[in-house]
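Written out below as structure tokens is the structure these notes cover.
Throughout, read-outs are computed from the coordinates displayed, never taken from laboratory work. The structure presented is a predicted model; accordingly, all values stated were derived computationally and were not measured. Here the Cβ is made from the backbone with ideal geometry for all residues, glycine too, and neighbour counts use every protein chain on show.
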């Protein structure tokens, strides 16, 4: 991919909303879904029909990557891939890989941000990288 990625300004202004999937509010997967479409033209599944019934966060990983059949685990991340993080013992947070080891994500209470997944805050939490098989 040549040049720098253009991150639409409106992505930064989306508020947190539990199980949110739209411009009026998102959770971490909702933001990843919107950003993947806006930046990379990817149409990721909404997971609306199953997402609200999740009882434990371990199920998030199973729902997105194991049951959808639309993602494959990759060793070397590329822009547009998803990065899954282990938080307090559960694979429960997700971001969108951008470029130069950076990812876009939404964190409850902190909003939308871009950070480095190789930085000290995140590197030991990375569970894996996944590519949409579109």
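Tabulated values for the structure
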{"item": "Packing-based order for 6-17, 24-35, using average beta carbon neighbours within 10 Å, highest first", "result": "24-35, 6-17"}
{"item": "Spatial extent of region 3-44: Rg and Dmax, with the Cα atoms as the point set, Å", "result": "10.2, 34"}
